[in-house]
Each structure stands twice: as structure tokens, then as C-alpha cells.
Amino acid sequence: MNRVAAPELIPRRDRGALRHPAKTYGKSIDGIPLLVYGTGEILILASIHGDEAETTVVVSEALRCLPERELRAGVILCANPDGMLRGTRGNARTVDLNRNFPTSNWAPDAVFYKTRANDTRDIALSPGEKPASEPETIALIELIERLKPRAIVTLHAALACIDDAGHSPLGRQLAARCELPLLTEIGYPTPGSMGTWAGEQGLTLVTWELEATSLYDLKDHHVPILIDLMTGRIPCTS
Ligand SMILES: [Zn+2]
């Protein structure tokens with residue numbers, strides 16, 4: 001059996017800096033550049049919800065372990081910088097970007113969220129004035145249309161599951177590696193979500209929901225898996 005060699009990691013003393021070239025793919029409402037690092041078959045994105053900053057920290061740590069030649073993915077560390085600076089799930093206009101995508105089921109009604117699996121979904125946000133009303137949503141769509149990734153992996157917290165409507169090989173491998181349950185739906189309606197939009201475009205999108213645990217435990221568990229994903233050691237297909 002052919003074993004894939006482990007990726008070459010940069011020395012620990014050099015892991016403080018992000019050395020990969022970044023491209024600006026748009027700007028937030030507050031004018032913060034939206035950045036994507038690297039390029040490849042997979043697009044990995046964190047913090048489309050601004051109150052899920054642990055996803056940014058974990059993805060950044062994996063990225064900072066990798067020399068440029070090992071990176072085989074596009075990586076967005078923060079898809080919603082205005083929300084992260086405010087500590088809010090929504091963006092600067094209180095829009096849930098993950099309900100703002102132009103899908104057949106988008107609706108203008110308020111959307112409700114919860115932060116942990118057993119909470120009640122009772123906090124209201126706007127899905128936007130219309131589908132793709134927000135600059136962060138438009139920029140992401142244009143980036144995906146330009147990069148044409150074979151798969152998109154979007155990190156969230158803290159529902160502790162892998163959600164993959166298409167039950168793709170990638171979703172199954174991530175669930176097995178993360179030892180998280182593989183779901184084909186999250187259990188409540190998500191009109192205007194990026195996942196629904198991707199499905200309607202025929203794109204594979206896997207939602208990676210981290211556990212509700214300490215940031216240190218999240219790093220220990222997920223950074224090695226993210227490194228394998230970023231270096232093509234977890235293929236999009238099987
Ligand atoms: Zn989320």
C-alpha cells in the first residue's frame with residue numbers, strides 16, 4: 001500500500017507569521033479587505049459568522065505550519081471581518097451572511113440562530129434586504145465563480161458535526177478523521193445558506209462544525225486534519 005508522505009512543516013520558530021501571498025477578493029461594508037491565501041482545488045473558509053472566531057484561529061494555525069509549496073487550497077481566514085470585530089454573528093448591518101445567498105428558498109423573514117447544539121434558536125438576524133445584498137456575499141460568490149473549486153469546506157462552531165447534503169467522499173473522510181457525526185441536514189431550515197446555494201450550483205460544500213470546547217483542544221484535534229486538507233492529503237473524491 002502506498003502511504004502518502006507527511007507534509008513538510010515549517011520550523012516552529014517561524015510559525016508566527018502568515019507567509020503565504022494573499023489576494024484581495026472584495027471589501028467588507030466597513031472597508032476591510034477580504035483576503036484569500038493560496039489557491040487550489042479546495043476552498044476553505046472560516047468565520048462567515050463573526051462570533052465563531054475559533055474557526056479563524058484554528059485555520060490560521062494550520063496555514064502557518066505550511067511552507068508555500070505545500071499549500072494546495074485557497075484559504076479565507078475571515079469571511080466576515082466586520083462581524084468578528086463586533087463579536088457578532090451577522091455583519092455590520094446585522095445580516096447573517098450565511099442566509100444571504102441567492103437560493104430558491106431565500107425569504108425576507110428574520111432568521112433565528114442558536115450558538116450551541118442544545119440551545120433554543122431564538123436570536124433574530126436579517127437575511128438581508130434581498131438575496132446577495134451584502135458585499136461580503138457578493139465577493140464570495142464572485143470568488144467561487146472565478147476559482148471554480150472542486151469543493152468548498154466552510155468552518156463553523158459549535159454544533160460538533162460534519163454537515164454535507166451530498167454525502168460526498170470528502171464529507172465522509174472529514175467526519176471519520178474528526179470523529180464527528182456526518183449529517184445530511186442540520187435539522188432546521190436554513191434558507192439562503194451558502195450550502196444550499198452551492199448545492200443549486202452543483203458544487204460540493206461541506207460544513208465543518210467544531211465542538212464547544214476550549215480553543216487549545218480544538219487546535220490539538222483539528223489542526224493536523226486541516227493540514228492534510230490544505231496539502232491535498234484528503235482528496236475531494238475517492
Ligand atoms: Zn456558523
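Once the cut-off is 25 Å, how many percent of the Cα-Cα pairs in the chain end up in the long-distance tail?
Details: 10314 of 28203 pairs.
In whole percent, the share of Cα-Cα pairs in the chain beyond 25 Å is 37.
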In this structure, the FRET efficiency calculated for D30 and T115 from their beta-carbon separation, with R0 = 25 Å, to the nearest 0.05, is 0.60
Surface share of carbon and sulfur [accessible, 1.4 angstrom probe, percent] for the chain | 50 percent
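With the other protein chains left in place, how much accessible area per residue, in square angstrom, belongs to segment 55-161 at a 1.4 angstrom probe?
Counting only protein heavy atoms, the per-residue value for segment 55-161 is 42 Å².
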Angstrom value of the Kirkwood radius, inverse mean 1/r, which spans all Cα pairs in segment 44-150 = 14.9 Å
Could you pull out every whole DSSP H run in the chain that spans at least 15 Å of Cα extent along its own axis and averages -1.0 or higher on the Kyte-Doolittle scale?
-> 53-64, 135-147, 215-230
Got the relative contact order for the chain handy, in percent, Cα pairs under 8 Å and 6 or more residues apart?
-> 22 percent
If the chain between K23 and A124 were fully stretched, how many nm would it gain, using 0.36 nm times the residue separation less the Cα-Cα distance?
-> 33.0 nm
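Can you figure out the FRET efficiency of I10 with T237, using R₀ = 30 Å and their beta-carbon distance, to the nearest 0.05?
Values: r = 29 Å, r/R0 = 0.96.
Plugging the Cβ-Cβ distance into 1/(1 + (r/R0)^6) gives 0.55.
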Cα-centre dipole for the chain with unit charges at Cβ (Lys and Arg positive, Asp and Glu negative), debye to 20 = 700 debye
Listed residue (I44, G171, N98) projecting farthest to the positive dipole end of the chain, Cβ model = I44
Give me the distance between the Cα centres of segment 167-233 and segment 1-77, rounded to whole Å.
-> 16 Å
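The values are calculated or read from the model by the stated rules, or taken from the named source; none is laboratory data. What you are looking at is a predicted structure, and each value in this text was computed from that prediction instead of being measured. Counting neighbours? That spans all protein chains shown, and the Cβs are built from the backbone with ideal geometry, glycine included. When the accessible area is computed, the model is the full protein with side chains, heavy atoms only, and any ligands, DNA or RNA have been set aside. Shrake-Rupley method; radii C 1.70, N 1.55, O 1.52, S 1.80 Å.
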